Amino acid sequence: MSNNYQNIHQTLIDKCKSGDKKAQFEIYKLYYKSMYNTSLRIVNSTQEAEDIMQEAFLSAFDKIEYYSGNVSFGAWLKKIVVNKSIDTLRNNKIFSSFDEINTDECVEYETYEFSNQIEINQQVEKIKKAINSLPNGYRIIISLNLIEGYDHEEISQILNITSATSRSQFMRAKRKLIQLLN
């Protein structure tokens, strides 16, 4: 079954490389929702995320001949979306310098225990709201690492910072998040 899934996507990708608009639309339908959510977590604006999606897919289809197949198509597309999202923040001067974040606001890490599913769901919503209220730099680091699964080396390349800065900002972001949740 896994091979069939891979072959279906490869066939669509090959058709996209030859300019097939129907194949492009199929790829769009397959990946739109997850890529939109990726962008939304970074830019924190539905309108910006929509615009980024349009640009990202246009860019991906325009440069699809450069897709080598060394990584999954979704990972390749996600990199385009993340880069465009970060570029949008930089261009809008929303992207704050990581050095400007006040580290005095940090608190020690605490663990949470949840007794039932309702409480878990309430906590998930509370965490989502808290993440969205973090300063941009913190929110981006948390989103890229915990939600998107990028390691600190990849984050450092995406954000043009050192991996040590990524790690320290991640720890500060976690502390700030815990502070917001208390």
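Quick note: the coordinates plus some simple rules give every number you see, no bench work behind them. Everything quoted here is computed from the prediction, not taken from an experiment.
A few comments on the model shown:
- Taking N as its residue count, the alpha carbon Rg of the stretch 2-91 over 2.2 N^0.38 Å: 1.07
- Over 26 Å apart at the Cα level, from the set Lys33/Lys79; Lys78/Lys128; Lys21/Lys128; Lys63/Lys128, are Lys21/Lys128; Lys63/Lys128.
- Whole-Hz Karplus values for the stretch 29-36 come out as 4, 5, 10, 4, 4, 5, 6, 4 Hz, taken residue by residue from phi with 6.51 cos²θ - 1.76 cosθ + 1.60 and θ = phi - 60°; glycine and proline positions read x.
- Look at where the Cα atoms of the stretch 39-67 and of the stretch 154-182 average out, and the two centres are 24 Å apart.
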